[in-house]
Structure formats: C-alpha cells, structure tokens
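Novice: This is the structure I want to talk about, given as structure tokens.
Rule-based calculations on the coordinates, nothing more; no lab input. Because the structure is predicted, anything quoted here is derived from the model rather than measured. Cβ placement follows ideal geometry from the backbone for every residue including glycine, while neighbour counts extend to all protein chains displayed.
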Amino acid sequence: MLEFELEMPLASFTLHAEGRVDPGITAVLGPSGAGKSTLLQCLAGLAHPVSGRIRLGERILYSSNGRIFVPPEHRGVGYVPQQYALFPKMTVFRNVEYGLRARRVPKARREVKVEEILRRLGIGHLARRLPAHLSGGEAQRVALARALVIDPDYILLDEPLAALDPETREAVRKFLRGVLSDASCPVLLVTHDVEDVRRLADRVMVIHEGRIIFYGGVEQWERQGIPASTRRVE
Ligand SMILES: Nc1ncnc2c1ncn2[C@@H]1O[C@H](COP(=O)(O)OP(=O)(O)OP(=O)(O)O)[C@@H](O)[C@H]1O
C-alpha cells in the first residue's frame, strides 16, 4: 500500500493531499488544474513538497521530519508522464533500456528484459525505430514498456490515453487492462474520461483544489454522482 501526506503551495492554492492507495488500478479524477499531475510528480519524486511523508509498505520514500528524500531512480516507480517524454534521439530499445542502465543492470540481463517487455506489449518490431516515427498508440506502449521494465513497486500513469484517437484509445484501454490487471502493486491512472473509470479502474480518487475529496470503489463513486469533471469548479 502507498500512503502519503503532502503539502506543496501551487499558483492558486496549496496541494494538501492525504491518502492511501491500495494495490490495483485507481483512477484519479478532478477538474483541470486540481493538482493531479502535481500529486503524481510528488509521488514519483520529481516535484518537491514543502512537507509531508510518502510510505510504500514499510519503506519511507519521503519524510520532511526525518529529512528523507529518496530520488526517483531509487523509488521503484514506473512513471508515464502526460506527453510520454520519450528520448527523441534514442531508439525504442534504448528508451526502454534506460531505467535498467540507470540501475546498473548488466548488459545481457538488460537485453533479455527489454526484449521480453517489448514482446509482451506487442512492439518488438519497433525496437530500432526513433520516437518521431511512432504513432500515438505505439509511443504510449513504449512509454509504458519503459515504466514496466524495471518491475516497479508502484505505477503512475498521467492521462495515458488522452492523446489517442477514439479507435486507438479503445485498443489501448483493453491492452492496459490486460497488462495491469495482474499488477499486484498500486497503480494511479489520471483520466478525465468516465469510460476509463468504468473499464479500467478498481477504485476512484477525486481531487479538488489540491485535496482528496473522495477515495472508494467505482460503484460507490457512481452512486454519489461525482463527475469526472474536465473543468475547474469556480
Ligand atoms: N511547480 C509549480 N509551482 C506552482 N504552481 C504550479 C506548479 N505546477 C503546477 N502548478 C499549478 O498548480 C495547479 C495544478 O496543476 P496540475 O498540473 O497538477 O493540475 P491537473 O489536475 O493535473 O490539471 P490537468 O487536468 O489540466 O492536467 C495549476 O494551477 C498549475 O498552474
């Protein structure tokens, strides 16, 4: 289980997020500008809160009191940012290999791991391509392969389906469900689309102005009629 309590002043409000995430897929919802991406960046170790703590099981990843800040590459996090952020001059293979190199995994082992994940995600044939020559759906899979190849302890996906056309979106949804359904770790998936919640999520977390105002099952969320709003509530 991933537990956190985070405080970080933002442009127009302070992110003050306190919660826990159980294993399985949690859809993260909330109006634009609510703090969803910032929360994921804090959990990944890419944004610095002013105070708080993050705990994954027994491991403390961040504690302002204890002066602990585990850097992203040592958190065991699989993170897919909004625009995938693939390295443009590296092939697909090198992009996916990157996290293993950073962890000093030996070359032979790296090759086995990368080939295995590319095959699992159905993109083995793209290994030598550069990101500029990938479709949106293919780039999405490469970003996911890069996040999963390190066998992450938790997974953060920031609007992984947003840039896709409706047809690809549906295909990628099925594929994500397949890949992540056996993930026994916490997965946070930011989305604005109610269909993503219904098809992918085990639970829902709703953020409003930097605070978590709901965390619970999909049915409970539907019963309460909380919208997967795309607009800031004025
Ligand atoms: N480093 C920062 N310092 C100060 N303010 C920030 C910082 N990063 C983001 N913000 C502001 O914090 C608010 C939350 O931004 P964030 O990107 O986390 O929202 P979001 O819920 O992911 O939105 P969207 O759904 O549009 O992607 C916004 O008002 C944004 O302008």
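Novice: Apply the a/c threshold of 1.5 to the C-alpha gyration tensor of the chain and tell me whether it is rounded, prolate or oblate. Before the final figure, lay out each step's value.
Specialist: Details: a/c = 1.82, a/b = 1.28, b/c = 1.42.
Verdict is oblate for the chain.
Novice: For His74 and Glu170 in the same chain, what is the full-extension length gain: residue separation times 0.36 nm, less their Cα-Cα distance, in nm? The partial results should precede the final answer.
Specialist: Working: separation 96, 0.36 × 96 = 34.56 nm, distance 3.33 nm.
Here the segment from His74 to Glu170 would lengthen by 31.2 nm.
Novice: Go ahead and run the numbers for FRET between Asp22 and Glu195, Cβ-Cβ distance against an R0 of 25 Å, rounding to 0.05.
Specialist: Numbers: r = 22 Å, r/R0 = 0.89.
E between Asp22 and Glu195, to the nearest 0.05, is 0.65.
Novice: What is the distance, in nm, between label points placed 7 Å from the Cα along the Cα-to-Cβ direction at Arg101 and at Glu116?
Specialist: Output for this residue pair reads 2.1 nm.
Novice: Need one number: % antiparallel among DSSP beta bridges in the chain, to the nearest 5.
Specialist: Working: 26 of 43 bridges.
Looking only at bridges with both residues in the chain, the antiparallel portion is about 60 percent.
Novice: To the nearest 10 degrees, how steeply does helix 92-102 sit against the main Cα axis of the chain, on a 0 to 90 scale?
Specialist: 70 degrees
Novice: Would you work out if the range 87-151 is rounded, prolate or oblate? Take a ≥ b ≥ c from the square roots of the eigenvalues of the alpha-carbon gyration tensor; rounded if a/c is under 1.5, else prolate when a/b is larger than b/c, oblate otherwise. Mind showing how you got there, number by number?
Specialist: Numbers: a/c = 1.83, a/b = 1.51, b/c = 1.21.
Prolate, since a/c reaches 1.5 and a/b exceeds b/c.
Novice: For the range 134-185, just the Cα set please: Rg and Dmax, both in angstrom.
Specialist: In order Rg, Dmax, the Cα atoms of the range 134-185 give 11.0, 31 Å.
Novice: Using a cut-off of 18 Å between alpha-carbon atoms, which aspartates and glutamates can reach Lys89, once sequence neighbours fewer than 8 places away in the same chain are excluded?
Specialist: Counting by Cα, and skipping residues close in sequence, Lys89 has these aspartates and glutamates nearby: Glu97, Glu138.
Novice: Let me ask another. Subtracting the Cα-Cα distance from 0.36 nm times the residue separation, let me have the gained length for His48 to Phe87 in nm, one decimal.
Specialist: Numbers: separation 39, 0.36 × 39 = 14.04 nm, distance 2.34 nm.
Here the answer is 11.7 nm.
Novice: What FRET efficiency comes out for the pair Ser184/Arg223, r = Cβ-Cβ distance, R0 = 41 Å, nearest 0.05?
Specialist: Efficiency computed from Cβ-Cβ geometry: 0.90.
Novice: In the range 1-119, with Lys and Arg counted as +1 and Asp and Glu as -1 at Cβ, which of these residues, Ser37, Ala17, Phe87, has the Cα nearest the positive end of the dipole, that is, farthest along it?
Specialist: Of Ser37, Ala17, Phe87, it is Phe87.
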